[in-house]
Each structure stands twice: as structure tokens, then as C-alpha cells.
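The numbers here are math on the coordinates, done by the rules we state, and not lab data. Please read these numbers as outputs of a predicted model, since none were measured by experiment. When we count neighbours, we look across all protein chains shown, and the Cβ atoms used for this are built from the backbone with ideal geometry, even at glycine.
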Amino acid sequence: MRYASASLAALTIVGLVIAGALIDRIDDRERVWAHAAATTGGDPHRGEALFIQYGCGSCHQLTHVRKATGAVGPSLDRIALRGVIAGKLDNNPDNLQRWIRDPQAVTPGTAMPDLRVGQPDARDISAFLYTRTE
């Protein structure tokens, strides 16, 4: 009986530690998403849907994003942490949105197609991409 109580107490402590870690992870995710929205002025949730709608995942791989399994362009995992985008632009919201909207103007002949993404959509897609820190 004594061992059962000790085992139950140990399992309870382990469960609380795991629950605390999960809550911290959720809080961290929410902070990252809020920061991305504030930095870009966009809506990262809408941006994720637009990323899928424009077919970005047909060329780019992005972990945990439906249909983002492409191997033509670079993986976009951890793009929020990169110093450079498109091989030559400082990684900031204005440059990322510029690249999304008109890649051929940034780098003529690039494999990245001009998908005719409007400014509001580019802002939301960039907000979503800036949530990608893992």
C-alpha cells in the first residue's frame, strides 16, 4: 500500500511537470504568433490559409503544414530566424512581402513565380511565415 501511494505521488508529479511544459509551449506559440502579427501588421492564421491557397507548398516544404511538401524551392522551416531571404535581402517584413509579391523584380529569372499576390495577402503570408521559428 505504501509503495502504491509513492508511485501514485510520483506519477502525479510527472503529470504536473508534463502539463506545465505543454502549457509553456502553448504560451510560447501564442507569443510567437502575436509577435509575428504585430511585426508585420498581418494575420498569421489567415496567412496560413493563403499559403495553402496560393499553392506555396507545391514548391516549398514546411513542417506541419498541409500540402507543403515541395522540393523545388528551399524549405521554409525556421524562416523567421534567417538573416537573409531570396539569397540577398535582409530578412524583414517589408523585404519578405516584396519578395512574395514580385520575386521576378527582386531576382529576374528566379524559379519563384509571380503569383500576383496582393499586398494584404502578402502581409498575412509574411505574418504566418514569421511564426516559423522551429
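The table that follows gives values for the structure above.
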quantity	calculated
Sorted by Cβ neighbour density within 10 Å, fewest at the top, the residues PHE51, PHE128	PHE51, PHE128
Computed label-point distance, nm, for sites SER75 and ARG116 using a 7 Å Cα→Cβ extension	3.4
Net charge contributed by nearby residues that have their C-beta within less than 13 Å of PRO103 (K/R +1, D/E -1)	+2
Order of LEU50, LEU115, LEU81 - criterion: other Cβ atoms within 10 Å of each residue's Cβ, fewest first	LEU81, LEU115, LEU50
